[in-house]
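Remarks on the structure that follows.
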Amino acid sequence: MRIGIFTDTYPPFINGVSTSIQMLENALIKKGHKVFIVTVNPEDMTYKLDKNERVLRIPGIPIGIYDYRLTTLYPIKAVNIIKEWNLDIIHTHTEFGIGTFARVIGKQFDIPVVHTYHTMYEDYVHYITKGYFDGPSKKIVEYLTKFYCDKTIEELIVPTKKTYDLFKEKYKYDRNVHIIPTGIEIERFYKEKIELNKINNKKTELGITSDDVVVLFVGRVASEKNVEFLINNHSQLIKKNKNAKLLIVGDGPDLEKYKKLAKKQKIEENIIFTGKVPWNDIPIYYNIADIFVTASNTETQGLTVIEAMAASVPVVALDDESFRNTVIDGLTGYLFKNKKEYINRMIELIGDKEKRLSMGNQGRINSETYSSKYFAERVLHVYKTALKGRTLKKDKTFFSRVKNIVKRGFHGK
């Protein structure tokens, strides 16, 4: 199969979506399929065709939200290149920019479009509105989401039941919705895959000693990830164990704000901010950690939780629907509902190394469910469903035309 993946974010961008796309690309290639990528050029306003003419980067204009860029809706030069690819299926991972372009291509060349919905956009409206007109803006987001995910695609993929419910219960979406948890290349995070000297060097660089218990967060350092909750409650953990270190890996708009918060609470010596780190180094940080934490309630799935489990690290996560199918409470980690539960669970794990090891080992076993191999197989099934659906539509159209001709009478015209 010749598969075209259209996305606004792709390495060297580092985020959950770009990571999952690269993983899917690699898994599909291993299965013998030909994969082409259409994405944004993050460097300049030129077209670039690389990876043996499989990755097309289109010029885009920065929009002021992280590293995202907006492309034109119909770049002629890109159209000519994509036409030569002779795609069987298009898989989009964005509703706007490149995603809109993909839908135009699908319509023009009669290629079925499958879409994966990654982002709960209503949780990010504040970045545009700055607090003004949030209500009307969310209605606009709802309208646009329903339009892009209903009128312009064959099949829709979502990563969790939480997202499924958004479409079925709130948006009243009456077409197929396939729940496929996003897979990851779990082998990257296995302890035996990481050289011990790299772990030790990173610990030295970060000022982490053998006596420290490392509590890790990986992700965008921004308000919707609720990093402030982790910082505000870390002082309680320090009271029980002065060697509890909170390691925050990632960059974002609130990084400086949270550094000031740590300093204000006089716990800056126990909180380490790395800022942006290379994608290839991410597994090292997981293998430094003793516990992984997240208090975010805006995830569609939470890939970092799966990454932590693959690295044999127990997870303490907010009791949100995004994490309930991943973190088995009491077995691979804990789910917490409030501040009190978070502090109690963390104090328990920080003081019990054997329990951390036991939960970490079980997490490693459970992470196999999210391997790239199984993920690719399920996505391929959706591709085949989309292709079959398109064929049935064509058949219905053909027989409808024949029926109309018969009704009118056939005179050889």
Margin query: Given the criterion touching a strand residue (DSSP E or B) at 6+ places or on another chain (Cβ under 8 Å), surrounded by fewer than 24 Cβ atoms within 10 Å (Cβ to Cβ) and among the aliphatic types (A, V, I, L, M), identify the matching residue among Leu255, Leu261, Leu331, Leu303.
Written below: Leu255
Check: Using beta carbons and a limit of 9 Å, which pairs, at least six apart or on different chains, have the first residue in the range 357-378 and within 14 Å of Phe189 (Cα to Cα) and the second one of a type in the set (Asp, Glu) and surrounded by 14 or more Cβ atoms within 10 Å (Cβ to Cβ)?
Finding: Gly360/Asp290; Ser367/Glu307; Ser371/Glu185; Ser372/Glu185
Check: Is it the case that some residue within the range 236-243 is assigned to a helix (DSSP H, G or I), in contact with a strand residue (DSSP E or B) (Cβ under 9 Å, 6 or more places away or on another chain) and either among the polar types (S, T, N, Q) or in contact (Cβ under 8 Å) with a residue 24 or more places away in the chain (or both)?
Finding: yes
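Pick out the one residue from Val55, Val38 that is crowded, with 16+ Cβ neighbours inside 10 Å, in contact with a helix residue (DSSP H, G or I) (Cβ under 8 Å, 6 or more places away or on another chain) and either free of Cβ contacts under 8 Å to residues at least 12 places away in the same chain or farther than 16 Å from His118 by Cβ (or both).
The conditions single out Val38.
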Next item on the list: Could you figure out which of (1) surrounded by 15 or more Cβ atoms within 10 Å (Cβ to Cβ); (2) touching a residue at least 60 places away in the same chain (Cβ under 8 Å); (3) more than 20 Å from Val313 (Cα to Cα); (4) of a type in the set (D, E, K, R) isn't true of Glu185?
Entry: (3)
Note to self: List the residue pairs whose Cβ atoms are under 7 Å apart, where the first residue sits in the range 323-337 and is more than 11 Å from Val293 (Cα to Cα) and of a type in the set (S, T, N, Q), the second is open to solvent by less than 70 Å² (accessible area, probe 1.4 Å) and part of a loop (DSSP other than H, G, I, E, B), and the two are 6 or more positions apart or on different chains.
What the structure shows: Asn325/Thr160; Thr326/Gly302; Thr332/Pro314
Margin query: Go through (1) open to solvent by 10 Å² or more (accessible area, probe 1.4 Å); (2) modelled with pLDDT of 90 or more; (3) of a type outside the set (Gly, Ala, Ser) for Tyr74 and report which single condition fails.
Written below: (2)
Check: In the range 196-215, how many residues are open to solvent by less than 100 Å² (accessible area, probe 1.4 Å) and either free of Cβ contacts under 8 Å to residues at least 12 places away in the same chain or assigned to a loop (DSSP other than H, G, I, E, B) (or both)?
Finding: 7
Next item on the list: Any chance you could count how many residues in the range 178-195 are part of a loop (DSSP other than H, G, I, E, B) and acidic (Asp, Glu)?
Entry: 2
Check: How many residues are farther than 19 Å from Glu299 by Cβ and either at pLDDT 90 or above or surrounded by 18 or more Cβ atoms within 10 Å (Cβ to Cβ) (or both) when one looks only at the range 8-21?
Finding: 1
Check: Only one of (1) touching a helix residue (DSSP H, G or I) at 6+ places or on another chain (Cβ under 9 Å); (2) open to solvent by 70 Å² or more (accessible area, probe 1.4 Å); (3) at pLDDT 95 or above; (4) polar (S, T, N, Q) fails for Asn361. Which number is that?
Finding: (1)
Item checked: Residues within the range 153-177 that are open to solvent by 40 Å² or more (accessible area, probe 1.4 Å) and within 21 Å of Lys384 (Cα to Cα), tallied -> 4
Check: Can you find a residue in the range 23-30 that is open to solvent by 30 Å² or more (accessible area, probe 1.4 Å) and either among the small types (Gly, Ala, Ser) or in contact with a strand residue (DSSP E or B) (Cβ under 9 Å, 6 or more places away or on another chain) (or both)?
Finding: yes
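The values are calculated or read from the model by the stated rules, or taken from the named source; none is laboratory data. Here the structure is a predicted model, which means the values were calculated and not measured. Glycine also receives a Cβ, built like all others from the backbone with ideal geometry; neighbour counts cover every protein chain displayed. Heavy atoms of the whole protein, side chains included, go into the accessibility calculation; ligands, DNA and RNA do not. Shrake-Rupley method; radii C 1.70, N 1.55, O 1.52, S 1.80 Å.
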